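Shown next, in structure tokens, is the structure this report addresses.
The values are calculated or read from the model by the stated rules, or taken from the named source; none is laboratory data. Everything numeric here is computed off the predicted structure, so don't read it as measured data. We place every Cβ from the backbone using ideal geometry, glycine too, and count neighbours over all the protein chains shown. The protein model used for the area step is the full one, side chains on, heavy atoms only, and it has no ligands, DNA or RNA in it. Shrake-Rupley method; radii C 1.70, N 1.55, O 1.52, S 1.80 Å.
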Amino acid sequence: MNFPNPTHATSSPSTSSSYTLTHASPNFKRPMLLPQAICTSQKKSISSGALVEPYVNSNPMKSYITAGFSPRRYEAQPLVSSQSLNKHVFSVEALVTRTAQDVSDTTLNSDDKIGVLLLNLGGPETLEDVQPFLFNLFADPDIIRLPRIFSFLQKPLAQFVSVLRAPKSREGYASIGGGSPLRRITDEQAEDLKKSLFAKNVPAEVYVGMRYWHPFTEEAIEQIKKDGITKLVVLPLYPQFSISTSGSSLRLLESIFREDEYLVNMEHTVLPSWYQREGYIKAMSNLIEKELKSFDSPKEVMIFFSAHGVPLAYVEEAGDPYKAEMEECVDLIMEELERRKITNAYTLAYQSRVGPVEWLKPYTDVTIVELGKRGVKSLLAVPISFVSEHIETLEEIDVEYKELALESGIEKWGRVPALGCEPSFISDLADAVIESLPYVGAMAVSNVNARQSLVPLGSVEELLATYDSQHRELPSPVIVWQWGLTKSAETWNGRVAMLAVLLLLFFEVTTPDSVFHQWGILMSSLR
């Protein structure tokens, strides 16, 4: 399409209709980062004798400021208040205190059988797979979040939406060869990761678990058990964490572990996100630098980062850190490019929105049109949230957005490929696995040696609860009811309409003689 709740300033870009545009230049200055939350835990020794100090890597919450094409300085507006930041720091530090153990207990030995579980979204491999794949997707409460009172409608609604969207989705998959290449590419990544680990003297088995299609996570877990794995590193193939991607996969995984005695006793750890790793940043920068050279005038090309979007409520209400991590990721890549004397203008937008709710802004399609109006002639699209080619890169970006760009006055279009099996990227993933091994089953914190967050799977629900704990309803637009074309009236109209739609869907799905059944929109199997 899958972390602290920021209290947004009034100028928060997530609620602004304007697109983000920043220019990197020799005089460009980054906003100061919020300080990291440092855990005061005692230093612990590992088998090599090195000392590490555990700490929590609190992701900087930064705001982009719309700027012009010319170089200019700006001051960032904070996305979190000191009060909400302190709440987040306290919650995570409490998590660390309850789960940290002596690292010396995790010394590897010859009897250890190491496994790596790669988690990904999955995708339909044939056109016949499209509708059941969509059903699995929309049946996930982390994808479509219904109010608890309507949770019983999750599967009927998923059935309805999947049947409704399947024809158009089949057209998209047909245009890229009849199915998603995601499984094939992920399998290749797993094989290359295994080879890289062997080359680094770490024999390990690598498994693939998909959230919504084969091989399902449950299938991968069964194979892990058959192989007798004793130490497992769980690595979601999403560089940035989101409740709807990594969070959904980890919730499922934790529920599987909780019900299995073998899995409960198996040492394991999770890397929730790894977008800040040096190897990943350099690999992305290498691809961008290479593609820029394909343009006649590389310095005039706008670098266009396009990330998969999430509903705005996930960030503002549920505390999803996806937006903050994505913005920091783009900053890190541009800093690396600046070190290479590449100072192109760049922007970040969000694609793939569906439904009537508001998603993270700026939107990719709207931003492309705006760039055309502003006179941008060369655009290089960078699929920043994807490490594999699939429908959203091959069809949405390569076809739909390219056509829109050319229609909007952009004359030259390019696209950075997804990382796939790029050697330096795979090598860095192997390093991430190796760096986490001394802490498997031992630490719930980031550490100097590992350079990424390490979370025991048994603490995933606690981790996600930390993000959800800040959930609160947004205040009403006005205090009293007002008639007419007012925000209050529209809010209540929307609530009444949503309730009516949910009741209509329930009636349509459960009643054989419903209008939609008679029209053939719903399959007879739903009766």
Accessible surface, 1.4 Å probe, highest first, among residues Ile224, Ile143:
Ile143, Ile224
Tell me, in nm to one decimal, what length is gained between Lys113 and Lys200 on full extension, where the rule is 0.36 nm per residue of separation less the Cα-Cα distance?
29.7 nm
Expected field for Ser175, accessible surface area in Å² at 1.4 Å probe radius, rounded to 10, holds 80
Could you work out Rg/(2.2 N^0.38 Å) for region 165-263, with Rg from alpha carbons only?
1.25
Heavy-atom accessible area per residue, region 172-316, 1.4 Å probe: how many Å²?
37
How large is the dipole of region 323-442 about the Cα centre if only Lys and Arg carry +1 and Asp and Glu carry -1, each at its Cβ, rounded to the nearest 20 debye?
500
Per-selection Kirkwood Rh - region 341-413 (Cα, Å, 1 d.p.):
13.1
Keeping every protein chain in place, order Glu336, Glu317 by accessible area at 1.4 Å, biggest value first, i.e. largest first.
Glu317, Glu336
Are any of the pairs Lys113/Lys195; Lys290/Lys323; Lys155/Lys225 more than 24 Å apart by Cα-Cα distance, and if so, which?
Lys290/Lys323; Lys155/Lys225
Relative contact order of region 245-336, pairs being alpha-carbon contacts under 8 Å that are 6 or more residues apart, as %:
33
Note the per residue figure in Å³ for the convex hull of the C-alpha positions in region 303-397.
114
Given points 7 Å out from each Cα along the Cα-Cβ axis, report the Ser297 to Tyr262 separation in nanometres with one decimal.
6.3
Given a 1.4 angstrom probe, I'd like the percentage of the accessible area of region 278-376 that is carbon and sulfur, rounded to a whole number.
48
Calculate what fraction, in whole %, of the accessible area of region 384-437 sits on carbon and sulfur atoms when a 1.4 Å probe is rolled over the protein chains.
53
